[in-house]
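**Student:** Before we start, here is the structure in question, set down as structure tokens.
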Amino acid sequence: MLGLVKKLADKMQTSQEMGLLSHTPWRYVPPRERLIDPIGEAEVFLAYGKRREALQVLSHTLRHEPDNLAAKMLLLQTLAYLRDIPAYCKLARELAPQLAGQGSWHTICAEGQALAPYEPLFMYRA
């Protein structure tokens, strides 16, 4: 019995030395560092209703890739799900010059009107 306990203690010691049983707090590892597409990961989070996690992935992605239009569009959708109207309007204002006249802008305006019906940015003629 004592031999079994010693083997188990040795195994735990080895695992701790290798960092497998560390007691360090959990930290966010960006998708690109894990060789994962951040847009795909955010879409999976959204599909499972994990909107805050999608928001975290997209926010991190845009801090490092500020011109990533796909991330901005998915972030806009995430903000709509979260009903974060001020953030939605702010991002939509940023995207307006780039998307004006495109079908995606009409979709943004329709969603924006539902969220903020009196926001002049979202009043367009179809």
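The values are calculated or read from the model by the stated rules, or taken from the named source; none is laboratory data. Computed from a predicted model, the values in this text were never measured in an experiment. Backbone-built Cβ (ideal geometry, glycine too); neighbour counts: all protein chains shown.
**Student:** Which one of these does ALA54 not meet: (1) at pLDDT below 90; (2) in a helix (DSSP H, G or I)?
**Tutor:** All conditions are met except number (1).
**Student:** Confirm whether LEU76 is under 20 Å from ASP37 (Cβ atoms), among the aliphatic types (A, V, I, L, M) and either in a loop (DSSP other than H, G, I, E, B) or free of Cβ contacts under 8 Å to residues at least 40 places away in the same chain (or both).
**Tutor:** yes
**Student:** Looking only at region 41-77, how many residues end up being exposed (fewer than 14 other Cβ atoms within 10 Å of the Cβ) and among the aromatic types (Phe, Trp, Tyr)?
**Tutor:** So the answer is 1.
**Student:** Any idea how many residues of region 38-96 are farther than 24 Å from ALA116 by Cα and among the basic types (Lys, Arg)?
**Tutor:** The qualifying residues number 1.
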